[in-house]
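Heads up: the structure comes next, in structure tokens.
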Amino acid sequence: MPTTEENTSLSLFYKERFDSFLIYLSEAKQIKEEDIHKLRVSIKYLRSLLLLVDELKLNTDVGSKLLKQLKGIFKSAGKLRAFQVSKSLMLGGDVVLSSEILSLLDAKLSAQAEDFRKKLAAFDTLKFKKRVARLYPLLNQVNVSELTIKVDSIIHDELGIVNKLFNSSRGEEYHHEIRKILKLVKALQYVLLAFQDEENRRQALDIVNSTETLLGNWHNYKSLDDLLILFDQELTQPTVKRTIRNLKNQNNRLKQEFKSESDKLLRNHF
């Protein structure tokens, strides 16, 4: 039987993450880039933990309901985050932006910010809290030793998928999927470290975290790639198109640098 300390720790581990999400949800009302980033990271973490709830066969649909509730705000925040990051990358580069590009970018950013505000206003915090409260007693029934075996097994399987995806293509086709898997693995490693603070686990987490961070940087430039293609279609002035072409060249060079660095880690460790 699991000890009371184990039970309480597992419940508290989840509770701390749910409470953090609600804090970030409130702070995101300011629409600041860093706050939107924190909210997105928090939701990604929660999604991994809720997927684990399903894997643990706790005989509840609470996990799937919470995932569904998070979906709308997560998707809208993702689009907003993509515009915010793209703007930061363009302003931080060497290419001088034209007023036409800045105006179009700000218009799209404003429209997406308004969509996010609507999703934020529609999010039922009370229902979220009630669902979460139903989850804690079920988490108290989990045997931590069995949890460790289960989580280790999931991590092993997911890293096997990473290996297959990476070795099936040297291009970018599967890199976003690999990044999503590594985020899941990272979240699960944190679960294990909460109960077994072992050096080998921390080293494994560091490798996963470094690789996922590089892939995240790559993905930011990939998102900017997509935005520049859209801008090239919507803006027709020859001088503006030259600027967009210069942005594309600069962006592609930086994107490839992050891809190269992430590929080294994937090749050596996965």
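The values are calculated or read from the model by the stated rules, or taken from the named source; none is laboratory data. Please read all numbers here as calculations on a predicted model, not as lab measurements. Using ideal geometry, Cβ is built from the backbone for each residue, glycine included, and neighbour counts are taken over all protein chains shown. For the accessible areas, the whole protein counts, side chains as well, though only heavy atoms, and no ligand, DNA or RNA atoms are used. Shrake-Rupley method; radii C 1.70, N 1.55, O 1.52, S 1.80 Å.
Ranking request for peptides 240-249, 38-47: highest mean number of other beta-carbon atoms within 10 Å first, then the rest in descending order.
By packing density, highest mean first, the sequence is 38-47, 240-249.
Based on the inverse mean of 1/r over its pairs of different Cα atoms, what is the Kirkwood hydrodynamic radius of segment 143-269, in Å?
16.5 Å
Within the chain, which complete DSSP H helices have Cα atoms spanning at least 30 Å along the helix axis and a mean Kyte-Doolittle hydropathy of -1.0 or higher?
Span-like helices in the chain: 4-27, 33-55, 62-92, 99-122, 144-168, 175-195, 199-234.
Divide the volume of the convex hull of the Cα atoms of segment 30-153 by its number of residues and quote the answer in cubic angstrom per residue.
About 125 Å³ per residue, rounded to a whole number.
Using a simple charge model, +1 on the beta-carbon of Lys and Arg, -1 on the beta-carbon of Asp and Glu, nothing else, what dipole does the chain show about its Cα centre, in debye to the nearest 20?
840 debye
Please compute the contact order of segment 8-142 in relative form: average sequence separation of alpha-carbon pairs under 8 Å and at least six residues apart, divided by the residue count, as a percent.
Worked out over segment 8-142, it gives 34 percent.
Have a look at ASN59, SER86, ILE101 and report the one farthest towards the positive end of the charge dipole of the chain, computed about the Cα centre with Cβ charges (Lys/Arg +1, Asp/Glu -1).
Final value for the positive-end residue is ILE101.
Can you grab the distance from the C-alpha centre of segment 170-232 to the C-alpha centre of segment 62-85, Å, no decimals?
18 Å
Per residue, how much accessible area does segment 206-270 have with a 1.4 Å probe, in Å²?
On the way: 3330 Å² over 65 residues.
I get 51 Å² per residue for segment 206-270.
Got a number for carbon plus sulfur as a percent of the chain's accessible area, 1.4 Å probe?
Carbon with sulfur: 50 percent of the solvent-accessible area.
Which residue, chosen from TYR221, ALA204, SER262, occupies the Cα position most advanced towards the positive end of the dipole of segment 143-269, where the dipole is computed from +1 (Lys, Arg) and -1 (Asp, Glu) charges on Cβ about the Cα centre?
TYR221
Find which of ALA133, GLY160, LEU120 sits farthest along the positive direction of the dipole of segment 116-167, computed with +1 on the beta-carbon of Lys and Arg, -1 on that of Asp and Glu, about the Cα centre.
Projecting each Cα onto the dipole axis, the largest value belongs to LEU120.
Using the Cα centre of segment 8-142 as the reference point, and only Cβ charges (+1 on K/R, -1 on D/E), how large is the resulting charge dipole? Debye, rounded to the nearest 20.
Its charge dipole is roughly 640 debye.
Past the 17 angstrom mark, what percentage of all C-alpha to C-alpha distances in segment 119-215 do you count?
When every Cα pair of segment 119-215 is considered, 62 percent fall beyond 17 Å.
Label-point separation (nm) for GLU27 and PHE195, each offset 7 Å from Cα along Cα-to-Cβ?
2.9 nm
Magnitude of the Cβ-charge dipole of segment 143-269, K/R +1 and D/E -1, about the Cα centre, nearest 20 debye?
Taking the Cα centre of segment 143-269 as origin, the dipole is about 620 debye.
Can you tell me the accessible area per residue over segment 1-150, all protein chains present, probe 1.4 angstrom, in square angstrom?
Using a 1.4 Å probe on heavy atoms only, each residue of segment 1-150 averages 53 Å².
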